[in-house]
1. Restricting the first residue to segment 105-119 and requiring it to be under 16 Å from residue 17 (Cα atoms), which pairs with a second residue that is polar (S, T, N, Q) meet a Cβ separation below 7 Å and a spacing of at least six or different chains?
2. Being over 21 Å from residue 68 (Cα atoms) and of a type in the set (A, V, I, L, M, F, W, C) is the filter here; which residues of segment 1-26 pass it?
3. Tally the residues that are buried (at least 18 other Cβ atoms within 10 Å of the Cβ) and farther than 13 Å from residue 150 by Cβ, restricting the search to segment 202-214.
4. Could you check residue 114 against (1) within 20 Å of residue 184 (Cβ to Cβ); (2) at pLDDT 95 or above; (3) part of a helix (DSSP H, G or I) and say which number it fails?
5. Are any residues in segment 145-169 at pLDDT below 85 and basic (Lys, Arg), and if so, which ones?
6. So is residue 200 within 12 Å of residue 160 (Cβ to Cβ), at pLDDT 85 or above and either assigned to a loop (DSSP other than H, G, I, E, B) or out of contact with any strand residue (DSSP E or B) (no Cβ under 7 Å at 6 or more places or on another chain) (or both) or not?
7. Please verify whether segment 71-82 includes one or more residues that are basic (Lys, Arg) and either touching a strand residue (DSSP E or B) at 6+ places or on another chain (Cβ under 6 Å) or modelled with pLDDT of 95 or more (or both).
8. Mind telling me which of the residues 107, 79 ends up being within 18 Å of residue 185 (Cβ to Cβ) and outside any loop (DSSP other than H, G, I, E, B)?
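The values are calculated or read from the model by the stated rules, or taken from the named source; none is laboratory data. These numbers come from a predicted model, not from an experiment. Note: ideal-geometry Cβ built from the backbone for every residue, glycine included; neighbour counts use all protein chains shown.
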Amino acid sequence: MTHKILIAEDDKDIIELLSLYLSGEGFDILAAENGREALTIAKSEDVSAALVDIMMPVMNGYEFIRELRTFSQIPVIILSARDLDQDRILGLNIGADAYLTKPFNPLEVVAYVKSAVRRWESTKTLAAEETGKVVVGELELDQERFTLRKNGVPVQLTSSELKIISKMMKAPEHVFTKAQLYECINGEFYDSDDNTMMVHISNLRAKVEDDPSHPRYIKTVRGLGYKIEDGRPEDH
């Protein structure tokens, strides 16, 4: 099966460069020069991952990702010249899985794409094969539909957040390092991904905890990583 990669970028030279490297790895390339065109492609094509620039005409990258997340959970990798922490945090908050800054090494981008596609296919396979539900306190993970509910109410999570909490819920009380959790999203872990994982954990807490500043479920184990507990009051 040939996987289709969507490139949303208004710089034709960058599109050409990425297309050269990605097609060399066997991917089919779908290119759009603004977010609106990219959205149309994402709705009509079976896309496996998207590379998205932030500063685009008509519809910028942030707006594109917000719209995309209303109907698709495909992996999204931002490629942007904006390198401030707030830009990275905003991108991850609205649903991106990774944030790479320009200028970039095209081989690194290819590695990220291959890893993202592999994990995406693995997620779909697991969702198709696994049945039943995993329950931790008030949280219920439907492994068939790959959805999360709290007290019966759906919790809207990005694909990365779902992968992280799924891994944790299947092994309550087990301590996972940041690298282990990040690997369930994109495969390899780099030192620069440390802040990215902290943002994902922060976003998860905001969505599943009653009081994110005093989490009952997702606990930090200092010097080691994170674990999930059943949320009972005595666990404080």
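1. Between residues of segment 105-119 that are under 16 Å from residue 17 (Cα atoms) and residues that are polar (S, T, N, Q), the close pairs are 112/186.
2. 1, 14, 17, 18, 20, 22 - these are the residues of segment 1-26 that are over 21 Å from residue 68 (Cα atoms) and of a type in the set (A, V, I, L, M, F, W, C).
3. 1
4. The one condition residue 114 does not meet is (2).
5. 145
6. It is true that residue 200 is within 12 Å of residue 160 (Cβ to Cβ), at pLDDT 85 or above and either assigned to a loop (DSSP other than H, G, I, E, B) or out of contact with any strand residue (DSSP E or B) (no Cβ under 7 Å at 6 or more places or on another chain) (or both).
7. Pass one, segment 71-82, residues basic (Lys, Arg): 82.
Narrowing the set further to residues that are either touching a strand residue (DSSP E or B) at 6+ places or on another chain (Cβ under 6 Å) or modelled with pLDDT of 95 or more (or both) leaves none.
Within segment 71-82 (the criterion being basic (Lys, Arg) and either touching a strand residue (DSSP E or B) at 6+ places or on another chain (Cβ under 6 Å) or modelled with pLDDT of 95 or more (or both)), the answer is no, since none of the residues qualifies.
8. Answer to the selection: 79.
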